[in-house]
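Worksheet: one structure, shown below.
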Amino acid sequence: MYPIEPESLGSAAPASYVNPLNSNAFEQMFCLIGLCKEGNANAAEVTKIAARNYAYLGWVVLSDADAKELGSTLAERSSFNADEDLVTNEGVLFRLSPGVEERLASNPQDQAELVRIKSEIPVMFEVLDPRAGHPCDAMHVLYLDGHIERIPMGTKFPATTTFVEAFPPPECDRRSR
């Protein structure tokens, strides 16, 4: 997950970074409120709490194979340019950026195709963490076109076991999975 920028802390309600389904949601929310009230909110601490609830992908991930590649690449690399496309062992994952759907379209002039592609690119997803008392039967996903879906696990990408395992909750050691 990318850090939450300090300037954005004032514009978003702290509760928007916390999933109300987590058993410790109130504790996290009050911690965030405290961090944001201090004036000089510690963006790293806010990001750490928010990452327990929601995760931003940063790159176009359209399949379980893409998810595995991104998850392992992020876990294994100590540094990379987070503003560029990500070259992996299997190819290239495009950085989420304005107009990225045109790079995926067979005909970038076809508006219907562009709309369809944007509706299929997950941008953020709900982190499923049974350790936090979170029900793991479905996942909320925000797509590039702005719509949100609640997807029952195992019925549609990205609500798959492979995807969830590729992006474990914070404090999990990816290599031990």
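The values are calculated or read from the model by the stated rules, or taken from the named source; none is laboratory data. Given the structure is predicted, the values throughout are model-derived calculations rather than measurements. Using ideal geometry, Cβ is built from the backbone for each residue, glycine included, and neighbour counts are taken over all protein chains shown.
When MET139 is tested against (1) of a type outside the set (Asp, Glu); (2) exposed (fewer than 13 other Cβ atoms within 10 Å of the Cβ); (3) in contact with a strand residue (DSSP E or B) (Cβ under 6 Å, 6 or more places away or on another chain), just one condition goes unmet, and that condition is (2). Being within 21 Å of the chain's Cα centre (by Cα) and closer than 17 Å to GLY146 by Cβ is the filter here; which residues of the stretch 84-114 pass it? Matches in the stretch 84-114: LEU96, SER97, PRO98, GLY99, VAL100, GLU101. Taking the stretch 62-123 as the region of interest, the helices (runs of 4 or more DSSP H) fully inside it that hold 1 or more residues being at pLDDT below 90 and more than 27 Å from HIS140 (Cβ to Cβ) are 64-76.
Any residue at all in the stretch 112-126 that's touching a Lys or Arg at 6+ places or on another chain (Cβ under 7 Å), surrounded by 18 or more Cβ atoms within 10 Å (Cβ to Cβ) and either farther than 18 Å from VAL164 by Cα or in the same structural domain as THR161 (by TED's automatic domain parsing) (or both)? Scanning the stretch 112-126, I find no residue that is touching a Lys or Arg at 6+ places or on another chain (Cβ under 7 Å), surrounded by 18 or more Cβ atoms within 10 Å (Cβ to Cβ) and either farther than 18 Å from VAL164 by Cα or in the same structural domain as THR161 (by TED's automatic domain parsing) (or both), so the answer is no.
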